[in-house]
Amino acid sequence: MALISDEYFELAKSSCNGEYVNPDPNDYKCLYALELIKECTKLVNDAHILEPRCKFMSPRPNDLLSRQLFVEDDPLDLLFLSKQDKPWCRNHNYVPTYVWGNNETVQEALQVRKGTITSWTRCNTTIAYTNLSYKDDVKSIFRHHQLLNEKGYQALAYSGDHDMDIPYMSTLKWIRALNLTVDDKWRPWYVGGQVAGYTEKYKNYNQAYITFATVKGAGHTAPEYKPKECLAMIDRWLSLFAL
């Protein structure tokens, strides 16, 4: 999407040896290349690169005013914009979910045990296990996918093609690392006569399939951006039809 130049891409490719997440701290050429790329992308919305990177966020989970919008520490550039200048932010749509999720009647209907949560949040990074905060220490689940595939389980892997959090190229890379056979080559799939994305299907020796699909125009949470297309995708897959 023309976010970085070919020069920066080739510099990182030639100097980082494929390690872009945890580069060698002594490899200054690689670090320099990654810094150049970071400068180009740091203010791009990771979840959907075409949407504004918003400074208005979801409510603070433990704040007494948690049902109100708040701004980050550097909000002045937004606060002094006119109403016409203020960008639309997808995060604004999330505010009602906090009101809903923290409603006692809703929690009772969902049979949430009293006292187990202090405040509901969309992305809870403080989940407790045996009194310890949740720790993101699993760096790769490649082996899990490999085992499931060997056991014969079918899988659907999809990516919004405007997602920079987990780009579709990354998903394709681990799928192809499974050394499967391409059963249905890369092609467009359609909804309502329009291209909804692109798909490729893989199989292993025991006919276990992995169907990969991109969702055109979607971001990180693809169904949020393209609900009609994603419903068609999952309905076809569950019905054992080709996308």
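The values are calculated or read from the model by the stated rules, or taken from the named source; none is laboratory data. Keep in mind that what you see is a predicted model, and the values were worked out from it rather than measured. Neighbour counts run over all protein chains shown; Cβ positions are idealised from the backbone, glycine included.
Working carefully through the options ILE175, ILE210, find the one that is of a type outside the set (Gly, Ala, Ser), in contact with a His (Cβ under 9 Å, 6 or more places away or on another chain) and in a strand (DSSP E or B).
Being of a type outside the set (Gly, Ala, Ser), in contact with a His (Cβ under 9 Å, 6 or more places away or on another chain) and in a strand (DSSP E or B) holds for just one of ILE175, ILE210, which is ILE210.
In the stretch 169-187, the residues that are assigned by TED's automatic domain parsing to the domain that holds THR199 and in contact (Cβ under 8 Å) with a residue 12 or more places away in the chain reach residues that are part of a helix (DSSP H, G or I) and aromatic (Phe, Trp, Tyr) with C-beta atoms within less than 9 angstrom, at least six apart or across chains, in these pairs: TRP174/PHE142; ALA177/PHE142; LEU178/PHE142.
Residues checked against (1) over 30 Å from SER170 (Cα atoms); (2) at pLDDT 90 or above; (3) surrounded by 16 or more Cβ atoms within 10 Å (Cβ to Cβ):
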residue	(1), (2), (3)
MET1	no, no, no
ALA33	no, yes, yes
HIS92	no, no, no
GLY115	yes, no, no
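Output the residues belonging to the stretch 178-194 that are modelled with pLDDT of 95 or more, surrounded by 15 or more Cβ atoms within 10 Å (Cβ to Cβ) and assigned to a loop (DSSP other than H, G, I, E, B). Within the stretch 178-194, no residue meets the criteria. Starting from residues that are part of a helix (DSSP H, G or I) and of a type in the set (A, V, I, L, M), keep the ones in the stretch 142-166 and report whichever is nearest to LEU50 (Cα to Cα). Filtering the stretch 142-166 for residues that are part of a helix (DSSP H, G or I) and of a type in the set (A, V, I, L, M), the one nearest to LEU50 (Cα to Cα) comes out as LEU148. Can you confirm whether PRO87 is surrounded by 10 or more Cβ atoms within 10 Å (Cβ to Cβ), part of a loop (DSSP other than H, G, I, E, B), outside the structural domain of ALA222 (by TED's automatic domain parsing) and modelled with pLDDT of 50 or more? Here the answer is yes, as PRO87 does meet what is asked.
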